[in-house]
1. Quick one: work out the % antiparallel among DSSP beta bridges in the chain, nearest 5.
2. Kindly give the semi-axes, whole Å and largest first, of the ellipsoid equivalent to region 271-403, taking each as the square root of 5 times a Cα gyration tensor eigenvalue.
3. Order the peptides 289-298, 315-324 from the highest to the lowest mean number of other Cβ atoms within 10 Å of their residues.
4. Just the projected area, averaged over all directions, of the convex hull on the alpha carbon atoms of region 245-336: how many nm²?
5. For region 334-438, what does the alpha-carbon gyration tensor say about shape, rounded, prolate or oblate, given a ≥ b ≥ c as the root eigenvalues, a/c under 1.5 as rounded, and a/b over b/c as prolate?
6. Per residue Cα convex hull volume for region 141-197, in cubic angstrom?
7. Tell me the Kirkwood hydrodynamic radius of region 171-241 in angstroms, computed as one over the mean inverse distance between distinct C-alpha pairs.
8. Can you give the percent of C-alpha pairs in the chain whose distance is more than 38 Å?
Ligand code: UGA
């Protein structure tokens, strides 16, 4: 089939590359000319494992092209995916103006009826608004009547290609047999290659599945972070608690890693958005407000620990390891490390920051921070270290080497990168998440 992907950011480009890998002809559109220029020149302008290779393959086979022009993008396509951002506004609700603007442009430029797919994460009932916008624009300009589908993505940054090529499920919400038929045909190559559940629903249900899934995963993380606080107070070990809980197949071990809390462009925004749309519909989702509160508490934990272990932190040299919101990505959006570094700077600490891939994304934010190209450079002579992202290269540092590098034997391990026991044996004073405070 031939399709357009409007917005070739993290979600859009992965969608385009994976659809091309399944034999569809894809035109990626973005209004950001520098992004389109870079993609046309063959360079993916951010880091995502395997994406560059898949994009190269699609382009070489003639299955992916890029444009900034709507008429060109929509020419002869069956399906148009909306993959633009829905950033959070001050009141917690997502800004849907980009989605509306794309819907208007589609209606103005399409020369035949399309299936318009919302892939961007949006609150329930956004499909109705898209349909309304498409209809109003079509009436105003004598255009075609289009159908609206919700097809949420469940990809994680860092494993986006794997998650999209081999998903746990495909969810498609449509309100007509025709739209369901088109989407089923689109996904048939994937289903033939990778037999996963295909969940066909109405539009509103599909929209809700996305918010409910992300909010549930965020709540799982906050739950274990709350248990971690109790473990610290009681002298128990949260990792053993999580492992033993995880053996129960009804619970599962995934997303029970206690730590610095969730960040990224999805969970913080989606939890807020779900609270907001629930309230708008007349339901107070108090449980999610608590999920959010516990997450804020998790991000404040390292500085509390540092003050406990060092007393005053002003003028102390503090090594911060990791600024990406999780390993495997250079994305720093809503990264918990940002709050940690901001708080350290407010307290007058001298921060030496290391991250294997994400430093360029924060250089302008903190002129006073020392950006370290190597992890040992960050650690050498520091009074304490805080781990904020669990990159493998940090786990490989032995307690002995850490002892040689740091001025004081003080560790705040906010991602449980190291064995607390191993560090204690090597003479460190350690604050690890969810284990007895020493
Ligand atoms: C998340 C979801 O996992 C995807 O299914 C979804 O498609 C995506 O949002 C989205 O809506 O686009 P992502 O934000 O890439 O994916 O990252 P995750 O791997 O889910 O991690 C989110 C945050 O939770 C990270 O900061 C991570 O460090 C944290 N986390 C995760 C924990 O603190 N503990 C855990 O056990 C797991």
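1. Around 5 percent antiparallel, to the nearest 5.
2. Semi-axes (√(5λ), whole Å): 31, 17, 14.
3. Put in order of decreasing packing, that is 315-324, 289-298.
4. About 8.8 nm², averaged over all directions.
5. Prolate, since a/c reaches 1.5 and a/b exceeds b/c.
6. 108
7. Hydrodynamic radius (Kirkwood, Cα only) of region 171-241 equals 15.2 Å.
8. 29
Read-outs: derived from the displayed coordinates by stated rules, not from any lab. Keep in mind that this is a model prediction, so the values were computed, not measured. Quick reminder, even Gly has a Cβ in these numbers, built from the backbone with ideal geometry, and neighbours come from all protein chains shown.
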